[in-house]
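**Student:** One structure follows; several queries about it will come next.
The values are calculated or read from the model by the stated rules, or taken from the named source; none is laboratory data. Keep in mind it's a predicted model, so treat the numbers as computed, not measured. With ideal geometry, Cβ positions are generated from the backbone for all residues, glycine too; neighbour counts draw on all protein chains shown. What goes into the accessible areas is simple: the full protein's heavy atoms, side chains included, and nothing from ligands, DNA or RNA. Shrake-Rupley method; radii C 1.70, N 1.55, O 1.52, S 1.80 Å.
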Amino acid sequence: MIDRPGPAKVLFVDDEAAARRAFARGMRQAGFDVETAATGAEALGRATQQRFAVIATDLRMPGMDGLTLIRRLQPIQPSTAFVIVTGLPDVDLHRDHVTDRSIVSIIGKPWEHDELAATLRNAVELHRRWGPVEPGDLVEPCCYSILLIEANPADVDLVERFLTRTRLASATVDHVARLDDGIDRLRSASYDVIIADLTLPDARGLDAVTKLQTAAADAAIIVLSGLEDDALAVQAVHLGAQDYLLKTRVDPHSLERSLRYATERKRAERRLAHMAHHDDLTGLANRASFRDRVGHALARCRRQHTVLGLMFLDLDRFKRINDTLGHDSGDAVLRQIAARLRSAVRESDSVARLGGDEFAVLLEDLTDPRAATEVAERILGALSLPVEIQSGEVAVTTSIGIALYPDAADTVEGLLKAADGAMYNAKSNGRNHYRVATPEDDGAARVRLRLEGEMLHAVERKEFLLHYQPQVDLRTGEIVAVEALLRWRRPDGTIVPPRRIVPLLEDMGLIGRVGEWVLQAACEQLRVWRESGLHDVRMAVNLSARQFDRHDIVSAVANTLAAAHLTPEMLELEITESTLMRDTKRANAALAGLKDLGVRIAVDDFGTGYSSLAYLERFAVDVLKIDQSFIRTSDHGLRTASVAGAIVGLGHRLGLDVVAEGIETSQQLRRMQDEGCDLVQGFLLGRPTADWLPTWGLAPALAEIPEQTEER
């Protein structure tokens, strides 16, 4: 028997009960074993009784703050990874016990669920790699470059002599006597450490620390002072110094220790600052950092009267990748998407990951508003090629919303809201394209939000129904099948077509649940018709990607057929090209199982996706359904008509039946007859209706189609 590791244990410390409840609920759903504590003392008690992979703590708590708690927990839990969860905009981490290795991340409040879960997973991975922390592990021996700013020759000689008596004897020391001379050196050279006195000919007190911090943000600063003043020492650390040494107490050991620890603290500060402003997974700016950048950019635009563009991107149906291939594959895709986004914009533009599969781009100094749409087109092009991951290739597209300053809004919140609304409009109108925000978009976003609320009630109240549309055999003129089409009857009696329903159901994660109902209801209706004496008819049902990806799809279909007392050949399942191509190996296995069961398989909307002869030969399918866009454009000339004819020929050479969708005119019907198409469906032959009762024999006589075409 294989011993599989259980969920990673996480301890969350926060004095706010609501924060503890939210953390525990969300992270348990993400797969962690969570315990919580309300105080530092309670956390210490838990830590003496059991080991934790990660301990996450708030900073400001009564009695014992978060940093003090971490210092006291480190000896008890030497290989634990620590995460700071805080709502403070400025985090003071200039403390002796903070090292580059103890705190692995900072998460702001309120947190994004996915971002917090990803951070904890990374911390767990670090915990698994770490062994107990030994004192010698903090800093590896190296050759330091030191700038010594000291006016007293005796103290200069003392520092240099002490260094020769330590393991840092190979350090290089540059000496200047004045602060201005030191700042001049920093303009042309970089140093690991700056050792500075607070009493200099051209500077007194903490002014030296402030100026050095500005001149050399990456260097560690050690104050070497003759003033024994605890308040002054604390102020120096708060202004950016990493240590405060007294000249009267310094010796070789304390100097070496101070140099090593100061560089470690500085490295920790830089890493923490980077983590506070960047996404751990992709390295892009995070939400907080992006909002700051937009705010600064807006201020410049107002002064200079320039144009700014803000783009909001959401990957289309990305949840399917995580659900089907796992979060590791999803993370690999996100990293590649981030790299492609960076390559598609200018160096001066900012790209951020806002959380999950949401990204944003800030475009500054636009000479023309149309430049933003050009960037959007480059991004769509950059994402058009499949993404290669360990398990194969996956296709990823994105929907983009663009908001321009000052046309769309003149505040950070206004621009983000406008871009978000435009993105949803792009997603609602077919995905994989962009939309520029307009004043009408705000109303559309409100409508969508209301529809999402109504959709949740529709699922619970079973407000969905099916309409049925006949398929006619062109050789005999007989109705041989019907396709079940989803509709939503709202409480006011309005019937909503699938074009507006399906994207919402997919985005809300409800499509699988509703799709199962569609399959069951369609099979039950076919049973009723057959019991009424209507035989030799198939029921065609669209299978959602979420249904098709179920590991038990074959048994689910078999159980549905058995419950309706139907044989498998009475059912035809329609699956889109894009669903089949997401994971071809898994798709082929599922199709083989369904074929063994005896149901017919149709490739829906053929011609709008991959349209590859290779995959048609590989997959076990029976029917090609020509997308109605090719039927409608066939009226405009021989070139577009020949596409539909070519698909008919391709299908026949592979031994497949071919169905033409969207037949609305007699001319389209005759053209498909001439091409040798097998089956047709469309308004000309019968409109979808809920109370349709098939009249077997020849299809009804051709009728004139109204000028306003209804939705399928």
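**Student:** Could you sort the peptides 212-218, 191-197 by per-residue average Cβ neighbour count (10 Å cutoff), highest mean leading?
**Tutor:** Highest mean packing first, the order is 191-197, 212-218.
**Student:** Another question, then. Using the Kirkwood radius over C-alpha pairs as Rh, can you work out the diffusion coefficient of the chain via Stokes-Einstein at 25 °C, viscosity 0.890 mPa s, in µm² per second?
**Tutor:** Calculated translational D: 81 µm²/s.
**Student:** Under a plain spin-label model, where a point goes 7 Å from the Cα along Cα-to-Cβ, how far apart in nm are residue 145 and residue 596?
**Tutor:** Label-label distance for residue 145 and residue 596, simple model: 6.7 nm.
**Student:** With a 10 Å radius around each residue's Cβ, average the other Cβ atoms per peptide and rank 398-411, 586-599, 513-526, highest first.
**Tutor:** Final packing ranking: 398-411, 513-526, 586-599.
**Student:** On to the next question. With +1 assigned to the C-beta of every Lys and Arg and -1 to the C-beta of every Asp and Glu, and no other charges, what is the dipole magnitude of the chain about the Cα centre in debye, to the nearest 20?
**Tutor:** I would put it at about 740 debye.
**Student:** Then there's this: Sort segment 434-565 into rounded, prolate or oblate with this rule: let a ≥ b ≥ c be the square roots of the eigenvalues of the Cα gyration tensor; rounded if a/c is under 1.5, and if a/c is not under 1.5, prolate when a/b is larger than b/c, oblate otherwise.
**Tutor:** It comes out prolate by the Cα gyration axes.
**Student:** Show which lysines lie in cross-link reach of residue 595 when reach means a straight Cα distance below 25 angstrom and same-chain residues fewer than eight apart are skipped.
**Tutor:** 585, 625
**Student:** Counting only protein heavy atoms and a 1.4 Å probe, tell me what percentage of the chain's accessible area is made up of carbon and sulfur.
**Tutor:** 50 percent
**Student:** How large is the accessible surface per residue of the chain, computed with a 1.4 Å probe and reported in Å² as a whole number?
**Tutor:** Details: 33200 Å² over 712 residues.
With all protein chains present, the chain gives 47 Å² per residue.
**Student:** Treating only the Cβ atoms of Lys and Arg (+1) and Asp and Glu (-1) as charged, compute the dipole magnitude of segment 291-374 about its Cα centre; round to the nearest 20 debye.
**Tutor:** 220 debye
**Student:** Another question, if that's okay. Check cross-link reach from residue 427 to the lysines: straight Cα distance under 17 Å, and skip same-chain residues fewer than eight apart.
**Tutor:** Excluding near neighbours in sequence, the set is 319, 417.
**Student:** Ranked highest first by average number of other Cβ atoms within 10 Å, how do 363-374, 347-358 line up?
**Tutor:** 347-358, 363-374
**Student:** Now for a separate question. Using a simple charge model, +1 on the beta-carbon of Lys and Arg, -1 on the beta-carbon of Asp and Glu, nothing else, what dipole does segment 423-541 show about its Cα centre, in debye to the nearest 20?
**Tutor:** So the dipole magnitude of segment 423-541 works out to roughly 140 debye.
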